[in-house]
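The values are calculated or read from the model by the stated rules, or taken from the named source; none is laboratory data. All values derive from a computational prediction rather than experimental measurement. In this analysis, Cβ positions are derived from the backbone assuming ideal geometry, glycine residues included, and neighbour counts consider all displayed protein chains.
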Amino acid sequence: IWDILKKGVEAVIAKQSPVVKALWCAGFATRSFALKTGRGTPLVDILFKKTYVMLGGRLKLTITGGGPISPDVQNFIRVVFKTNLVQGYALTETCSAGTIQPAWSTVNGVVGPPLKCVEMRLNDCSEVKDRDEKSYLNTDKSHYGSPCLGRGEVWIRGGPVSPGYYVMEKKTREEFDDQGWFHTGDIAIWTSDGMIQIVDRLKNLIKLKGGEYIAIESMESTYANSVFVNGIAGGIMCYGNGEMDRPVALVQVNVGELVKWAKGSGVGYSSVQELCENEAAVSAVTKDLNSIGKGKLGGNEMLASIVLLSGEGDPEAQDLDSPWTPENQFLTASNKLNRKPIEKGFDKLLKPLIQKGIR
């Protein structure tokens, strides 16, 4: 939802005159800086009055926690909608008890300190490497050049934490230890001010042919910031396996942005489907996605190729032009990617796409 709001505002601003764009960008930069330094911006606030009203005009605090939100999106919502958007972090297994960012915090990309009802630790995760090929250790003092107080897999225990899975003894033994710790599979750092920042995902790491791991959920969260990705239709699903050198992706494309690109690039087409299959269009969107990922993702997480999906079909059918929805089981009830059904339903497109990820 936050991604969609951000893209909606950006689409409106993109249609404005150069003068209005310049004023808006200057106001955005000023308010971003003011938020970090705790200052008010009464004059700049007038510039964003129309966007405040979009969400009622009286919004003071919003909380997100259903999935990761990128620092860029979090900052955008805070600036443009004049509300402090804070993150929480928990899991079903912990009965929604984990961390919450303080209401006064203006730091982007963290999920706050642990709640008082749980204990939390970061356990060494030496089998998985970061993009600098270093293990995640709880003795680490730096994360990509920024100071930290340790890195590793998040373990949680306490009263709210479940004792295990019902009638699933093997899975319980795999994820709960005899000291009561639940092993979340999320990799995090302790920031220097004692907050948790989720930086990787152990359970959705894919090992490529060269032995490097890619974090597909982190990739999807980053690439979702592209104007070409249609979050309403399901967004983007990255894919990789042990036979591939580079990952690939299925992209529910923002048809409006793709049509705009085609007009500006002089690319002709007779249907949206034909445009989605156009090599130049695929190349342009791939380039845009990788430009967004550069500097935020590892080199092995850059996409080798993609398939563009129009998402204009029946939302309840499992067709190749259908958007991904809970109704057609391509999304879960909480609107998260349902990977196995997507892989099965789009096998016809995925198989040749995989070959493009093999050198």
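Annotations for the structure displayed:
- Cβ-Cβ under 9 Å pairs, at least 6 apart or on other chains, the stretch 277-299 side farther than 19 Å from N230 by Cα, far side surrounded by fewer than 13 Cβ atoms within 10 Å (Cβ to Cβ) and of a type in the set (D, E): G298/D132
- Selection of the stretch 97-130 for residues being assigned to a loop (DSSP other than H, G, I, E, B) and within 20 Å of the chain's Cα centre (by Cα) yields G98, Q101, T106, V107, N108, G109, V110, V111, D130.
- Some residue of the stretch 326-339 being under 14 Å from I236 (Cα atoms), without any contact (Cβ under 8 Å) to a residue 60 or more places away in the chain and in contact with a Lys or Arg (Cβ under 8 Å, 6 or more places away or on another chain): no
- Any hit, the stretch 144-155, residues being in contact with a strand residue (DSSP E or B) (Cβ under 8 Å, 6 or more places away or on another chain), farther than 23 Å from G88 by Cβ, in a strand (DSSP E or B) and among the β-branched types (V, I, T): no
- Residues located in the stretch 222-250, provided they are of a type in the set (S, T, Y) and either surrounded by fewer than 21 Cβ atoms within 10 Å (Cβ to Cβ) or not in a helix (DSSP H, G or I) (or both): S226, Y239
Condition check ((1) surrounded by fewer than 18 Cβ atoms within 10 Å (Cβ to Cβ); (2) in contact (Cβ under 8 Å) with a residue 40 or more places away in the chain; (3) not in a strand (DSSP E or B)) across all residues:
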site: V20; (1), (2), (3): yes, no, yes
site: A34; (1), (2), (3): yes, no, yes
site: D45; (1), (2), (3): yes, no, yes
site: V53; (1), (2), (3): yes, no, yes
site: R58; (1), (2), (3): yes, no, yes
site: P68; (1), (2), (3): no, yes, yes
site: R78; (1), (2), (3): no, yes, yes
site: G88; (1), (2), (3): yes, no, no
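- Considering the stretch 336-359, the residues that are over 22 Å from D245 (Cα atoms) and crowded, with 16+ Cβ neighbours inside 10 Å include one that is nearest to the chain's Cα centre (by Cα), namely L337.
- In the stretch 163-201, the residues that are in a loop (DSSP other than H, G, I, E, B) and either in contact with a helix residue (DSSP H, G or I) (Cβ under 7 Å, 6 or more places away or on another chain) or in the same structural domain as I236 (by TED's automatic domain parsing) (or both): G164, Y165
- Taking residues in the stretch 118-131 that are in contact (Cβ under 8 Å) with a residue 24 or more places away in the chain and within 18 Å of F176 (Cβ to Cβ), and partners anywhere that are of a type in the set (K, R) and crowded, with 17+ Cβ neighbours inside 10 Å, the pairs with Cβ atoms closer than 9 Å and at least 6 places apart or on different chains are V118/R157; E119/R157; M120/R157; R121/R157; L122/R151; C125/R151.
- Subset of the stretch 304-324 (residues that are surrounded by fewer than 19 Cβ atoms within 10 Å (Cβ to Cβ), in a loop (DSSP other than H, G, I, E, B) and either among the hydroxyl-bearing types (S, T, Y) or without any contact (Cβ under 8 Å) to a residue 40 or more places away in the chain (or both)): G313, D314, P315, E316, A317, Q318, D319, L320
- Of V80, V111, V118, all but one fail to be under 18 Å from W190 (Cα atoms) and either touching a Lys or Arg at 6+ places or on another chain (Cβ under 8 Å) or in the same structural domain as L35 (by TED's automatic domain parsing) (or both); the exception is V118.
- Test: residue in the stretch 284-300 that is at pLDDT 95 or above, surrounded by fewer than 16 Cβ atoms within 10 Å (Cβ to Cβ) and assigned by TED's automatic domain parsing to the domain that holds I232: yes
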